[in-house]
Amino acid sequence: MSQTIAFQGVPGAYSDLACRQAYPGWATLPCPSFEAAMEAVREGHAQLAMLPCENSLAGRVPDIHRLLPESGLSVVGEHFERVEHCLLARPGATLATIRRAHSHPMALGQVLKVMKELNLTAVIQADTAGAAELIAREGTEEDAAVASELAAEVYGLDILRRNVEDASHNTTRFYVMARERKMPALGTPHTLTTFVFRVRNMPAALYKALGGFATNGVNMTKLESYMLDGAFTATQFLCDVDGHPDDPALFRAFEELRFFSREVKVLGCYTAHPFRVAHEGR
């Protein structure tokens, strides 16, 4: 039985590229939404899901933080994918003929220099690979798409120019999700733990809840807050910390966190991606 990994988007999307880079040889399963990608794993149509959680330029990916705790899945890994935008067009089009650039608004905002240089008009589409598909199906020599090299391959487009993004550090981080929790062995180097918590309604609750991580020397690499069910008084936090839940230091930090929290839920423990390890301390 072939291994399958689900992602949100259409073939050629950056999430599709991330799946292929992280799990070469696996089949990729396009899904219309993050929820559908998670459902594919829950129902056994895919073994894993690749879900973007943050981008170095755009910040947090909307909805992911809300969906993770109730997904019924565990975080079993992370992946970092460098976003390399290409200017794609139908065969016969050139840099001199194109007048319009189609893509997701976030991608269009990341290629302002080439847009200005070529005097291109931005045309907003639902996603980058969808823009490439549109150009392949009904574009003219005046239309180009801002998308990945993989999208050019999938939809038979020419690459007019590579790496047209304004920032060379444009990178997206993904959580890899699975039905079964698979933790690395205690003592495995470069281990991360992802969890959510809600503090009690009391003065300095957050300060006290996080104090255990400081006193036990646990490094917190991510802390994000968001409202629950639209209530301004119900706040949940999504965190990544260095270490394994059974490490003595992290174990003690969790004990203190639970004392000052209404709820603590570990979403997964996994080995850090080589990109993170290579950039530690920078």
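Read-outs: derived from the displayed coordinates by stated rules, not from any lab. Because the structure is predicted, anything quoted here is derived from the model rather than measured. Backbone-built Cβ (ideal geometry, glycine too); neighbour counts: all protein chains shown.
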- line: With +1 at each Lys and Arg Cβ and -1 at each Asp and Glu Cβ, the charge dipole magnitude of segment 140-184 around its Cα centre, to the nearest 20 debye, comes out at 680
Beta bridges by DSSP in the chain, antiparallel share as percent, to the nearest 5: 75
task: Using only Cα atoms, find the angle between the long axis of helix 248-259 and the longest principal axis of the chain, and express it within 0 to 90 degrees, rounded to the nearest 10.
output: 80
field: Dipole axis of segment 105-233 (+1 Lys, Arg; -1 Asp, Glu on Cβ), positive-most option in M183, A107, V146
entry: M183
query: For R82, what charge total do you get from the other residues with a beta carbon under 12 Å from its beta carbon, if Lys and Arg give +1 and Asp and Glu give -1?
result: -3
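Tell me the mean residue ellipticity at 222 nm calculated for the chain from its helices only (DSSP H runs of n ≥ 4, each -39500 (n - 2.57), averaged over every residue, nearest 500). The partial results should precede the final answer.
Details: 10 runs with 78 residues, N = 282.
Taken over the chain, the calculation gives -7500 deg cm²/dmol.
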message: Under the √(5λ) rule applied to the eigenvalues of the Cα gyration tensor, what semi-axes describe the equivalent ellipsoid of segment 88-191? Give them in Å, descending.
response: 34, 16, 12
field: Interchain or long-range residues, amide H under 5 Å from C53's placed H
entry: R173, F174, Y175
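Given a Förster radius of 41 Å and the C-beta distance between A126 and A27 as r, what FRET efficiency does 1/(1 + (r/R0)^6) yield to the nearest 0.05? It would help to have the intermediate numbers written out before the result.
Numbers: r = 24 Å, r/R0 = 0.58.
The calculated FRET efficiency here is 0.95.
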message: With Kirkwood's inverse mean 1/r over C-alpha pairs for Rh, give me the Rg to Rh ratio of segment 1-141, two decimals please.
response: 1.01
- prompt: More than 23 Å apart: what percent of Cα pairs in the chain qualify?
  reply: 58
query: Can you give the net charge of the other residues whose Cβ lies under 13 Å from the Cβ of S103, counting K and R as +1 and D and E as -1?
result: -3
task: Residues in segment 77-99, backbone N under 20 Å from the label point at E153 (7 Å along the Cα-to-beta-carbon vector): list them, ranges by number please.
output: 79-91
query: So, in nm, how far is label N163 from label R181 when the simple model puts each one 7 Å beyond its Cα toward the Cβ?
result: 4.3
- prompt: Which value, to two decimals, describes the C-alpha radius of gyration of segment 191-278 once divided by 2.2 N^0.38 Å?
  reply: 1.09
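Work out the length of the dipole vector of the chain about its Cα centre, built from +1 on the beta-carbon of each Lys and Arg and -1 on the beta-carbon of each Asp and Glu, and round it to the nearest 20 debye.
Details: 27 positive and 33 negative charges, 127 e Å.
In total the dipole reaches around 600 debye.
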- request: Could you tell me how many degrees, from 0 to 90 and to the nearest 10, lie between the Cα long axis of helix 205-215 and the main elongation axis, the longest principal axis, of the Cα atoms of the chain?
  value: 90
